[in-house]
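> Pasting a structure below so you can have a look.
The values are calculated or read from the model by the stated rules, or taken from the named source; none is laboratory data. This structure is a prediction, so every number in the text was calculated from the model and none was measured. Don't worry about glycine lacking a Cβ; one is built from the backbone with ideal geometry, like all the others, and counts go over all protein chains shown.
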Amino acid sequence: MLEYTVRVSTRAKRLQVRITPLCEVEVVLPHRMARHHIAPFIDNNRKWIVETHARMMAARGEGSGVNEIVPATIQLSAVGQNYTVNYQAAEKNCIINAEEPSGVPVLELSAADHEGACKVLQDWLSRQARKHLPPLLDAISCELDIPYKKASIRAQRTRWGSCSSKGVISLNRALLLLEPELVRYLLIHELCHRVHMNHSSRFWQLVSGFAPDFKAHEKRLNRASLMMPFWVYSKAVDGLVSAS
Ligand SMILES: [Zn+2]
């Protein structure tokens, strides 16, 4: 038996099912559609629902602090900053304060609900990433003597970074949550794509010259994407299935 809630929507055009950040199955019913369409729709999408739900529950159970929708602390390990998070329920979604008055950075935010709080935190993470990651990339670019055109901060779910043929290096804002040496490795990896736009043996040869333990780093990066705290991807994580 599959449990789900039904939300009637005036905006939805089609029947949809999503897994919320709280791992609940929610059916979105267009307000003009009759309820008897729901049961067969659930049956048709049962496999996706069960698998996605299980995957999200497993992701929440892993690591420390992942169970909290709004975390009590945020560690920007890449730049050695640990924030205590104070979340208050209020109508406005915003950061109230991100001061570091006594050496302990406190991040105060208000939001209408947990989803809103995650959005506030994600936007804050983007701003932090724009502040910290380009200078890091610059420094390593100089060190390696491999130039690039531009850095862009993204919120990709599946990649830590990428490099375009035009020399734009895209960096995932969640890199800030990784250990400094791992971020350094990712930046080296992307810069080496300025020389080889592929993963050929010559590419890895170049990488290994700058990062001899690249294989271990690659493994850690893959693992790290599964260990991200829940709030980082809370909205992007839920897929949508539509009735066709
Ligand atoms: Zn690559």
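> State all residues of the stretch 75-131 that are under 16 Å from residue 176 (Cβ atoms), of a type in the set (Gly, Ala, Ser) and part of a helix (DSSP H, G or I); if no residue qualifies, say none.
77, 78, 126, 129
> Of the conditions (1) surrounded by 21 or more Cβ atoms within 10 Å (Cβ to Cβ); (2) more than 16 Å from the ligand (Cβ to nearest atom); (3) over 16 Å from residue 221 (Cα atoms), residue 174 clears all except one; give me its number.
Only one criterion is unmet by residue 174, namely (3).
> If residue 151 passes every condition in (1) at pLDDT 95 or above; (2) farther than 22 Å from residue 209 by Cα; (3) out of contact with any helix residue (DSSP H, G or I) (no Cβ under 7 Å at 6 or more places or on another chain) but one, which one does it miss?
(3)
> Can you work out which of the residues in the stretch 157-170 that are touching a strand residue (DSSP E or B) at 6+ places or on another chain (Cβ under 7 Å) and within 13 Å of the ligand (Cβ to nearest atom) is farthest from residue 123 (Cα to Cα)?
163
> Report, by residue number, each residue of the stretch 153-175 that is closer than 17 Å to residue 192 by Cβ and among the charged types (D, E, K, R).
The answer is 159, 166.
> Which condition number in (1) within 17 Å of residue 129 (Cα to Cα); (2) modelled with pLDDT of 90 or more is the one that residue 225 fails?
Of everything listed in (1) within 17 Å of residue 129 (Cα to Cα); (2) modelled with pLDDT of 90 or more, residue 225 misses just condition (2).
> Filtering the stretch 53-80 down to residues that are modelled with pLDDT of 85 or more and of a type in the set (Val, Ile, Thr), which residue is farthest from residue 11 (Cα to Cα)?
Per the criteria, the residue is 79.
> Filter the stretch 178-232 down to the residues that are near the ligand (Cβ under 10 Å from one of its atoms), surrounded by fewer than 21 Cβ atoms within 10 Å (Cβ to Cβ) and not in a helix (DSSP H, G or I) and list them by number.
196, 197, 198, 199
> Report, ordered by the first and then the second residue, all pairs with beta carbons closer than 7 Å, sequence separation of six or more or different chains, a first member in the stretch 149-164 that is in contact (Cβ under 8 Å) with a residue 12 or more places away in the chain, and a second member that is aromatic (Phe, Trp, Tyr) and more than 16 Å from the ligand (Cβ to nearest atom).
157/233
> Please work out which residue is farthest from the ligand (Cβ to nearest atom), limiting yourself to the stretch 144-156 and to residues that are over 14 Å from the mean Cα position of the chain (by Cα) and not β-branched (Val, Ile, Thr).
145
> Regarding residue 77, is this residue hydroxyl-bearing (Ser, Thr, Tyr) and closer than 30 Å to residue 192 by Cβ?
Against the criterion (hydroxyl-bearing (Ser, Thr, Tyr) and closer than 30 Å to residue 192 by Cβ), residue 77 qualifies.
> I would also like to ask the following. What pairs come out if I take residues in the stretch 172-194 that are hydroxyl-bearing (Ser, Thr, Tyr) and pair them with residues that are assigned to a helix (DSSP H, G or I) whose C-beta lies under 8 Å away, six or more apart or interchain?
Going by the 8 Å Cβ cut-off, the qualifying pairs are 185/214; 185/217; 185/221.
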